[in-house]
Structures are given as structure tokens and as C-alpha cells.
Amino acid sequence: MSYLFAGMIAASFFFSLCTGSLGMMGTLLMDSAGEAIELLLSISGMLCMWSGFMRVAQDCGLIEKLSRLAAPILRRLYPDVDSDSKAFHYISMNLSANLLGLGNAATPMGLNAMKELKSHHIGEKASDSMVTFVLMNTASIQLIPTTVAALRKNYGSREPFDILVCVWLTSITALAVGLFSSKLFGRWSQRTR
Amino acid sequence: MTVALCIYALMCRVDIFQSFVEGVKDGITTVKLIAPTMIALLIAVGTLKASGVFDRLAEMVRPAAEAVGFPAELVPMGLLRPVSGSGATALLTGIYENNGPDSFVGRCASVIAGSTETTFYAVTMYYGAAGIKKIRHTLISALLADFTAIVMSVVTVGWLMG
């Protein structure tokens, strides 16, 4: 994480140096700090609201039912997570919400899943399950891409949903490549250690 | 959906308001947990975007993309997509305006937008919540997946809708 952060700052610094816009860098830094807080505040509201609704869904047992449906596939993807554990529940809830296109609802459950995974894990290093889980969230797996379809309709598309099959194929391939490469990297890093 | 949920919860005799408030409490804890990492990343991304690195990168990649028959209009979007969600959406609507949403490029861009996420943002947020500092190969794999999505968008649109 530190390398990433330092790398990004350094890259923008050197690039501004080359283009001679270094004087602007200071103000830009301030601006992006302000924007960062704004964005954080706007997602905080969403996060709190969905956490509230998800708690309601959890208390009336809906989540239980949903997660039982997804269990068979997930057991394979997360071999070291006990399928009765809280972490497993949160993972399957996160997956169901993602599939339904409720990205904002999926986030709080995903964050809970990560916290649960962490509580069974010592150290600052990510476990295999954590990597798998984050990958499943960086690859968007939704059945109906509502936002894109809405945008296309706005711009006068005749059939906003005609890309559906392409989106499915693309997401599945991308996710498969991500998970497969992570397996390979994981095995490789174990061997070098 | 939220209405249906509330009705269902009432039918199950759940104290909705109490539950909701409990959930919001969890939400606030989560926000506190992810805030520092998120702010740091958003600042880094903001400066990177403002420095113009992305424009230059897009120019550098463009000839290679054209050589393999990849639509040049998609290059900036592919580069920006993992880093900035709003930036990529701006480019997407730009493509809709210039080429139309039902054009080949418009469709490819839609597929990219529908099948990828803002990778950096998700990685920081989830690891931030768990307090993980060493993310191992997560980023490489995630970016590989994004790259696959960009290539596949052109392949599937060309194949199924060409």
C-alpha cells in the first residue's frame, strides 16, 4: 500500500516537473484533498443508510435464506472459510447484492466480511480468502447493468439492454482470469518463501 | 425494494426502527475505519489525474492499440476506469455524444463500464476496513481482470453484434 501511494505521488510530481506545471501542483493537492472529503461524505451517507436496511433484512432472516442459495459455489472459492461462520454469511450476502446490482448495499456487507475474515487471521498480510474476496468485488458481477443501461437510454439508445450477453461474457471471463492469476501468484509466492 | 423489505420485516414482527438504527451505528463504525485510507488514496488519484499523466499515457498506448485493431476511442477510458469511476463515466458519456450509444465503440464502452469496477477504490476500501497493509498480488490480479474485460468487450461486441 505504501509503495502504491508513494508511486502515485512521485509519478504525478515528475510528470508535472517535465511539463513545467509544478507551480500548480500545490493548489491541485489542496483541491484533491477537499474533493476527497466531499466524496467520502457522500458515500458515508449511502453506507449508513444501506447498513440500516441490511440490518433489518438480517433481523428478519432474509439474509440467511439468500446465503444458503449461494453456499455451494462459495464453498469451493473459499476452502478455508467455515460455511457456518459469520464471514461466510457476509460473503454470500455481498455476492447476492452484487448480482442484483445493489452495489451500495453490497459494500457494507463486503466490509463486514473483510472484518470477519481479518478476525480469524493474524498479521497485516492479506490471506488467500481476502484476495479472492476483493477480486470478486473489483470485477463487477451483476446480472443487469442498470446504471449503464440508464445512461444509454438517456443518450438515445434504441435498445439499452442489447449489450447484456456481452456484459455477462466479459465479466465472467475477466473474473475467471483474475481468480486464476491470483491462484498462480499465490502458489508462486509460497514457493519462493 | 426497500418498501418490500420494510413490509416483510413488519410481518415477521421485527422492530424495524431499532434494527435500522443499529445498522446505521455499524455503518458509522465502518466509515471511521475506512476514512483515513480512502482520503489518502483519493488525494493520490486526484493529483495523478491533475498532472496529466493519463492523457500522456493514452497518447503513448494509442498507436499500439490501433495496430491490433482496437478502437482508439476506448484507450483513455480503459486507462481511467480502474482509478476513477466518475472520470470513466464522463468519458463514457463523451463517447455516447460523439459516436452514439448504439455504435460499435459506444457498445464496447458500455460493456467495459458494465463489467468492471473502480478497482483501486475497492481494493483500498476493503483492505482499509480489515486493516491489512500487505495486499500481496491483489492489485496485479485485479488489473489483469480489468485488462481482460477491456479486450473481451471488443471481442464479444464484435462477435455477437458486429
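The values are calculated or read from the model by the stated rules, or taken from the named source; none is laboratory data. Because the structure is a prediction, the values reported are computed rather than measured. Every residue, glycine among them, receives a Cβ derived from its backbone with ideal geometry; neighbour counts consider all protein chains shown.
Here are the numbers for this structure:
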{"read-out": "Matching option when the condition is over 14 Å from the mean Cα position of the chain (by Cα), in contact (Cβ under 8 Å) with a residue 40 or more places away in the chain and surrounded by fewer than 20 Cβ atoms within 10 Å (Cβ to Cβ), among A:143, A:184", "value": "A:143"}
{"read-out": "Residue check, residue B:74 crowded, with 20+ Cβ neighbours inside 10 Å, more than 10 Å from chain A (Cβ to nearest Cβ), within 21 Å of the chain's Cα centre (by Cα) and not hydroxyl-bearing (Ser, Thr, Tyr)", "value": "yes"}
{"read-out": "Leading residue by the ranking (nearest to residue B:95 (Cα to Cα)) among those in segment A:149-161 that are out of contact with any Gly (no Cβ under 9 Å at 6 or more places or on another chain) and within 7 Å of chain B (Cβ to nearest Cβ)", "value": "A:151"}
{"read-out": "Residue A:88 aromatic (Phe, Trp, Tyr) and in the same structural domain as residue A:109 (by TED's automatic domain parsing)", "value": "yes"}
{"read-out": "Residue list for segment B:132-144, restricted to those being touching a residue at least 12 places away in the same chain (Cβ under 8 Å) and within 25 Å of residue B:30 (Cβ to Cβ)", "value": "B:135, B:138, B:139, B:142"}
{"read-out": "Long-range neighbours under 7 Å by Cβ, at least six apart or interchain, first residue more than 7 Å from every other protein chain (Cβ to nearest Cβ) within segment B:23-38, second surrounded by fewer than 21 Cβ atoms within 10 Å (Cβ to Cβ) and modelled with pLDDT of 80 or more", "value": "none"}
{"read-out": "Residue selected from segment B:85-104 under the condition surrounded by 20 or more Cβ atoms within 10 Å (Cβ to Cβ) and closer than 17 Å to residue A:161 by Cα, by the criterion farthest from the other protein chains (Cβ to nearest Cβ)", "value": "B:92"}
{"read-out": "Residues (without any contact (Cβ under 8 Å) to a residue 24 or more places away in the chain, within 21 Å of residue A:131 (Cβ to Cβ) and not polar (S, T, N, Q)) located in segment A:66-96", "value": "A:71, A:73, A:74, A:75, A:76, A:79, A:82, A:88"}
{"read-out": "Any pair with Cβ under 8 angstrom, 6 or more apart, that starts in segment A:166-181 at a residue that is not assigned by TED's automatic domain parsing to the domain that holds residue A:131 and ends at one that is charged (D, E, K, R) and part of a helix (DSSP H, G or I)", "value": "A:166/B:107; A:174/B:146"}
{"read-out": "Count of segment B:64-109 residues which are polar (S, T, N, Q) and without any contact (Cβ under 8 Å) to a residue 12 or more places away in the chain", "value": "3"}
{"read-out": "Spans of helices (runs of 4 or more DSSP H) in segment B:56-162 with at least 3 residues among the hydroxyl-bearing types (Ser, Thr, Tyr)", "value": "B:85-99, B:119-130, B:138-156"}
{"read-out": "Which numbered condition residue B:116 fails, given (1) touching a residue at least 24 places away in the same chain (Cβ under 8 Å); (2) farther than 24 Å from residue A:174 by Cβ; (3) of a type in the set (Val, Ile, Thr)", "value": "(2)"}
{"read-out": "Residues (at pLDDT below 80 and closer than 13 Å to residue A:33 by Cα) located in segment B:30-39", "value": "B:35, B:36, B:37, B:38"}
{"read-out": "In segment A:163-179, the residues that are more than 7 Å from chain B (Cβ to nearest Cβ) and either surrounded by 14 or more Cβ atoms within 10 Å (Cβ to Cβ) or over 25 Å from the mean Cα position of the chain (by Cα) (or both)", "value": "A:164, A:168, A:172, A:179"}
{"read-out": "Residues being surrounded by fewer than 11 Cβ atoms within 10 Å (Cβ to Cβ) and in a helix (DSSP H, G or I) - total across segment A:74-83", "value": "1"}
